[in-house]
There are 2 protein chains.
Amino acid sequence: MSMEWINEHKILIVGLGLIGGSYAKALKRIGYMVYAIDTNEESIKYALDNEIIDKGSTVSDPELIGSADCVIIALYPKVIVDWFKENQKHFKSGVRITDVTGIKASVVYDIQEILRDDVEFIAAHPMAGREVSGVQNSDDRIFRNANFIVVPTDKNTPESIRWCKDLGRILGFDRVSILSPEEHDKMIAYVSQLTHCIAVALMTCNDNEHLRDYTGDSFRDLTRIARINENMWSELFHMNKKPLLEEMDLFIEELTSIRNFIASDDSEALKEKMRTSTKRRAYFDKK
Amino acid sequence: MSMEWINEHKILIVGLGLIGGSYAKALKRIGYMVYAIDTNEESIKYALDNEIIDKGSTVSDPELIGSADCVIIALYPKVIVDWFKENQKHFKSGVRITDVTGIKASVVYDIQEILRDDVEFIAAHPMAGREVSGVQNSDDRIFRNANFIVVPTDKNTPESIRWCKDLGRILGFDRVSILSPEEHDKMIAYVSQLTHCIAVALMTCNDNEHLRDYTGDSFRDLTRIARINENMWSELFHMNKKPLLEEMDLFIEELTSIRNFIASDDSEALKEKMRTSTKRRAYFDKK
């Protein structure tokens, strides 16, 4: 464990939604002082009333920012770089900053490009979530059995990488690993963004209200994530366009092959796909 | 409750796999005499040793068939009609026969076409399953919270329809409903067969072994059913080809639209899809 996590007592969270709030709960329970900035007055009031944070502000208060020993950015992806431009002047010298953004290449390099030389930004992606949003629904138990990914670039120091891995463990994540921004974005396009697109398309391709009584577990499982925060996810898709389109094209092509095996009664080719699928999925269950 | 379910004591199950075995467990616990026919010697031995059935045979024993007050056909779809051709001569006069097949139009009419006039076949689909097969994995708890669909044609009598609905309730299903063969097949193509095709394509479109550490709940949920009995499902897809291809084409078209909204940065159209998806999925959770 880095010494910093013993010494650092004041943690500022910028953006107090579902994930920011869940970070706050985990960190405050351990004993850190947790500050938060969010433009939504209700969110700050709720967090103060419920002792999720120690101090809060609806504006980017220079004093609050300047008092933080480390900063966690939990804003929507598109506003992050602008927030840095406007507020980085208030950072205490030497502070470490991390984030929770679901896409990396399109934000990390921009932040590091404009960042002051005496502070460091190390990106991270806590792979956890719920089908509901807001600090009111925050819950740090969503970090259990989940993955925390540290996403360094060549601008990051070994000390900050270690510090960020420690943060993942402190928050309660099961597995902490390291990927480059590009590896991260390709992986997330496949295992998360593509799956959300599929779930949405499955709900919207057919008027299905009358089918509610007939939907078994399969359909429910495949569409659980079809309840989706459209503002956040459309930003994430937009900012990860190239890897996402590649994965979507691969999937559509694959499903079209399966469609054609069915159309042409090629049951041997169809069974071969099913055998591959069964084998791969069994490997996922094995650990 | 029909009188028959009080009087009928000898139930023959033909095909003792996961579903046949689960029927046997439910029916035997209530107190019926349960007989079974399965060509697999191990299955019959296991079921007798574990008191899942009272009598069993690895051949279509005329005496066993002739002693049954009702018959449940739990065979793979393609062999059902032949089984009737060879063995219907052994049925006791007046016996009621039902099935568990996952597709309907391509089997029900053929059976009723060739069936003796003094017995009645009423189709049913227990919408329950597991990712494992065989009587060894049978478990009638899979019927709880599940749907039992009775699928009559104009050849069926009101008495048999009532009898079959009672069977669904006796087995422990949550909801018992009625659909025509064509309605059933269209519904099942969408909520079950399409979802299985999607799960398979998601596993096979990408070599994903190295991603095991990064897969969160979304990916796991969408691919749970990717462990699939390839012999049974390829038969089901083949025998429901027309409705399934229609649903697959609708889905592929819809996912391609979403892909194109992302490619062209049409975030308003993308968000509109997500709003529809969220609203529809919320309706599924409401009951």
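Structure data summary
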read-out: Radius ratio Rg over Rh of the stretch B:113-242, counting only Cα atoms, Kirkwood formula for Rh; value: 1.05
read-out: Sulfur and carbon atoms: percent of accessible area, chain A [1.4 Å]; value: 47 percent
read-out: Label geometry 7 Å along the beta-carbon vector: B:G66 inter-copy distances in nm; value: 10.1
read-out: Label spacing, shortest first and in nm, from B:N231 to its equivalents in the remaining copies (7 angstrom along Cα→Cβ); value: 5.5
read-out: Computed log₁₀ I(q)/I(0) - Debye formula, equal Cα scatterers, no solvent, chain A, q 0.11 Å⁻¹; value: -0.70
read-out: Fraction of antiparallel bridges per DSSP, chain A only, in percent to nearest 5; value: 20 percent
read-out: Dipole magnitude of the protein assembly as shown, debye to nearest 20 (Cβ charges: Lys/Arg +1, Asp/Glu -1, about Cα centre); value: 1120 debye
read-out: Which of A:K45, A:K242, B:K10 is most accessible, then next, and so on - probe 1.4 Å; value: A:K242, A:K45, B:K10
read-out: Sequence of A:T276, A:T204 from largest to smallest accessible area, 1.4 Å probe; value: A:T276, A:T204
read-out: Shielding of B:140-151 by partner chains, average beta-carbon count, 10 Å; value: 1
read-out: Point-charge dipole on Cβ atoms (K/R +1, D/E -1) for chain B, about Cα centre, debye to 20; value: 860 debye
read-out: Spin-label model distance (nm) - B:D154 vs A:V132, 7 Å beyond Cα toward Cβ; value: 5.1 nm
read-out: With DNA, RNA and ligands ignored, accessible area of B:L115 (1.4 Å probe; Å², nearest 10); value: 20 Å²
read-out: Average accessible area per residue (Å²) across the stretch B:176-287 - probe 1.4 Å, nucleic acids and ligands excluded; value: 39 Å²
read-out: Accessible area buried, both sides summed, chains A and B with 1.4 Å probe, Å²; value: 8700 Å²
read-out: Position B:K89, label points 7 Å along Cα→Cβ, spacing to each other copy in nm (shortest first, one decimal); value: 9.9
read-out: Averaged over B:263-276, number of beta-carbon atoms from partner chains that fall within 10 Å; value: 5
read-out: Cα-based convex hull, the stretch A:1-111, per residue volume (Å³, whole number); value: 106 Å³
read-out: Heavy-atom SASA rank of A:M33, A:M274, B:M127 (probe 1.4 Å, accessible area, largest first); value: A:M33, B:M127, A:M274
read-out: Linear extension gain, B:R162 paired with B:N87, 0.36 nm per residue minus alpha-carbon span; value: 24.4 nm
read-out: Within chain B, helix-based [θ] at 222 nm, where runs of 4 or more DSSP H residues each add -39,500 (n - 2.57), nearest 500; value: -15000 deg cm²/dmol
read-out: Gain upon complete extension [A:K271, A:E42; 0.36 nm per residue less C-alpha separation]; value: 77.0 nm
read-out: Rh by Kirkwood over Cα pairs, then Stokes-Einstein D for the stretch A:112-168 at 0.692 mPa s and 37 °C, µm²/s; value: 248 µm²/s
read-out: Among A:E182, A:E253, A:E209, residue whose mean-square fluctuation peaks in a GNM of chain A (springs only between Cα atoms under 10 Å); value: A:E209
read-out: Förster radius 45 Å - calculated FRET efficiency between B:R169 and A:N145 (Cβ-Cβ, nearest 0.05); value: 0.75
read-out: Within 10 Å of each Cβ in B:67-74, the average number of Cβ atoms from other chains; value: 0
read-out: Leading residue at positive end of dipole, the stretch A:145-204 (Cβ point charges), from A:L194, A:P181, A:I161; value: A:I161
read-out: The protein assembly as shown: projected area of the alpha-carbon convex hull, averaged over directions, in nm²; value: 28.1 nm²
read-out: For B:K25, net neighbour charge (Lys/Arg +1, Asp/Glu -1) across residues whose Cβ lies under 11 Å away; value: 0
read-out: Degrees, to the nearest 10: B:195-204 long Cα axis against longest axis of chain B; value: 60 degrees
read-out: Beta bridges by DSSP in the stretch A:1-160, antiparallel share as percent, to the nearest 5; value: 20 percent
read-out: Members of A:K78/A:K104; A:K78/B:K271; B:K104/B:K155; A:K279/B:K242; A:K10/A:K92; A:K10/A:K55 lying beyond 18 Å, as alpha-carbon distances in this model show; value: A:K279/B:K242
read-out: Fraction of antiparallel bridges per DSSP, the protein assembly as shown only, in percent to nearest 5; value: 20 percent
read-out: Inter-probe distance in nm under a simple model that places probes 7 Å from Cα toward Cβ, at B:V79 and A:D207; value: 4.3 nm
read-out: A:K28 accessible area, assembled protein chains, probe 1.4 Å, Å²; value: 60 Å²
read-out: Gaussian network model of chain B, springs between alpha carbon atoms under 10 Å - residue of B:H210, B:H196, B:H125 with greatest fluctuation; value: B:H210
read-out: Debye log10 I(q)/I(0) for the stretch B:55-126, one point scatterer per Cα, at q = 0.26, 0.28 Å⁻¹; value: -1.39, -1.56
read-out: Within a Gaussian network of chain B (alpha carbon springs, distance under 10 Å), most fluctuating of B:K271, B:K25, B:K241; value: B:K271
read-out: Probe 1.4 Å - accessible area at A:T101, Å² to nearest ten; value: 0 Å²
read-out: At 0.692 mPa s and 37 °C, Stokes diffusion of the stretch A:175-237 via Kirkwood alpha-carbon radius, µm² per second; value: 243 µm²/s
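The values are calculated or read from the model by the stated rules, or taken from the named source; none is laboratory data. All figures in this text were calculated on a predicted structure; none of them were measured in a lab. Positions of Cβ are generated from backbone atoms using ideal geometry, with glycine treated the same way; all protein chains shown enter the neighbour counts. Ligands, DNA and RNA are excluded from the accessible area calculation, which covers all protein heavy atoms including side chains. Shrake-Rupley method; radii C 1.70, N 1.55, O 1.52, S 1.80 Å.
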